[in-house]
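The values are calculated or read from the model by the stated rules, or taken from the named source; none is laboratory data. Computed from a prediction, not measured in an experiment: that's the story for all the values here. Cβ sites come from the backbone with ideal geometry, for glycine too, and all protein chains shown count toward neighbours.
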Amino acid sequence: MDAAGPRLHNERAVMTAVARAPGQSAAEVARATGLGAQSVARILVELEQVGLVVRGEPIKGRRGQPAVPIFPNPDGAFILGCEVGWRHCHILIRNFTGTILGEHRWDYPYPDAEAVFAEIGAQARLLVGLVPADLRHRVLGMGLAMPSGIGRNIDLVGGSVEQAQPWRALDITAAAEAASGLPIFRYNDGNAACWAELAAHPPPRPANLAYFQVGTFTGAGLVAEGRLWEGPTGNSANLGSMVVTQPDGRQQFVHLLASIYAFEARLRTAGLEVPVGNPIDWDWTRLEPVTESWLQDAAHALAKAIVNAHAVMEFSVALVDGVMPRAVVARLVEKVQREVDAMPVLTADPPQVEMGRLGGAAAARGAALNPIWRRYFSLDPDDLQRISPINAPTG
């Protein structure tokens, strides 16, 4: 699928139609795309030859010739997705239709550049090894999702000036390519997670939304008119850097209020031991009443960011998620909705607040989904509306 212009557009349209309703006949794909029957037949042959679609058994019993159903080929392509976070790394490999073939996550106190890329390389080789040898030429590469500013802010998670310097001097894409031996597609972590959540949202998907992920800091993203808004450097929209007013009147970044970093600071102030490892495994009941007070202040900060962002870019839905257990995230979302509803309205109704569907896995899944989508599927935002949820969690 390396053609240019109208031909590429038509190939994407056909591939999108097949993904939209697997099992359609060629005639049904032609009607869905508005393309001529002969053009669709030619494109389907080409897609079958490169392994992106497969044909099922003819369906008899209809008028005319038996209809042959067309399906996306799960083995048509493979892609790795990797999130390098402030306190953890998550890497996975998925097939063309979204099944996760394998994944691995590890935690660390702060991101040491040498250790992170050494482990990424080792895990990438293991994951590629899950693909049958005769299909490994279909591994497209690895999507890499990372926060911006690791070299500037590593001290916030316990790293030293010496440990920050390698990040500042590092060509991250080149380092990831050297470690994994794969082509690299690099994304901001908030954007990758936002796109994964949009794809996992059941149709009709909101054409405009804001996304917030409460992790070590606050990941975020914006979708405008069906398209991920990445800005000139790919790092927009950094909604966690919004300055909001705290209940005590002081100004603070959302990052330092609606985050695990902020929660850990409160635990230390209360004289409680800060758990280690993945926050989803923490005993959150033991951390009360600090949990409740943090959730309330985090909700206040997120609600202010939502209302302020809504004034600039109207959106109907604000997705809020986190790396905490789902019950804790649900408490946060309920509080955010209450805070949003309590804020003054001037010219437009506030957005509805919903809980995300992917939790802490969103960034790695989005890093894998983005290269697949951008390479093979329609870039028309309306087409995403009609495709069944992509990359939804399997458990």
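The rows are residues; the columns are (1) outside any helix (DSSP H, G or I); (2) without any contact (Cβ under 8 Å) to a residue 24 or more places away in the chain; (3) under 30 Å from M15 (Cα atoms); (4) basic (K, R).
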residue	(1), (2), (3), (4)
A303	no, no, no, no
D321	yes, no, no, no
R338	no, no, no, yes
V353	yes, no, no, no
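From E334, E314, grab the single residue that is more than 19 Å from G85 (Cβ to Cβ), out of contact with any helix residue (DSSP H, G or I) (no Cβ under 9 Å at 6 or more places or on another chain) and surrounded by fewer than 19 Cβ atoms within 10 Å (Cβ to Cβ).
Selected residue: E314, the only one of E334, E314 that is more than 19 Å from G85 (Cβ to Cβ), out of contact with any helix residue (DSSP H, G or I) (no Cβ under 9 Å at 6 or more places or on another chain) and surrounded by fewer than 19 Cβ atoms within 10 Å (Cβ to Cβ).
Which condition number does G231 fail, the rest of (1) over 16 Å from V340 (Cα atoms); (2) small (G, A, S); (3) touching a residue at least 12 places away in the same chain (Cβ under 8 Å) being met?
(3)
Any chance segment 281-301 includes a residue that's of a type outside the set (K, R), outside any helix (DSSP H, G or I) and closer than 27 Å to D341 by Cβ?
yes
In segment 123-164, what residues are at pLDDT below 85 and surrounded by 13 or more Cβ atoms within 10 Å (Cβ to Cβ)?
Once the filter is applied, which keeps residues that are at pLDDT below 85 and surrounded by 13 or more Cβ atoms within 10 Å (Cβ to Cβ), segment 123-164 yields S148, G149, I150, G151, N153, I154, L156, V157, G159, Q163, A164.
Looking at (1) within 20 Å of A361 (Cβ to Cβ); (2) touching a strand residue (DSSP E or B) at 6+ places or on another chain (Cβ under 7 Å); (3) in a helix (DSSP H, G or I), which one does L126 not meet, given that it meets all the others?
For L126, the exception is condition (2).
Every residue, every condition in (1) in a strand (DSSP E or B); (2) closer than 15 Å to V84 by Cα, yes or no:
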{"site": "E162", "(1), (2)": "no, no"}
{"site": "E177", "(1), (2)": "no, yes"}
{"site": "N191", "(1), (2)": "no, yes"}
{"site": "P203", "(1), (2)": "no, no"}
{"site": "G219", "(1), (2)": "yes, yes"}
{"site": "G240", "(1), (2)": "no, no"}
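Can you spot a residue in segment 379-387 that is charged (D, E, K, R) and at pLDDT 95 or above? Even if it seems obvious, please write down each step before you answer.
Let us first name the residues in segment 379-387 that are charged (D, E, K, R), namely 380, 382-383, 386.
Now restrict to residues that are at pLDDT 95 or above: none.
No, every residue in segment 379-387 fails to be charged (D, E, K, R) and at pLDDT 95 or above.
In segment 340-351, which residues are crowded, with 21+ Cβ neighbours inside 10 Å and either at pLDDT 95 or above or outside any loop (DSSP other than H, G, I, E, B) (or both)?
The answer is V340, and nothing else.
Hey, could you check segment 1-50 for residues that are within 26 Å of the chain's Cα centre (by Cα) and in a loop (DSSP other than H, G, I, E, B) and say which is surrounded by the fewest Cβ atoms within 10 Å (Cβ to Cβ)?
D2
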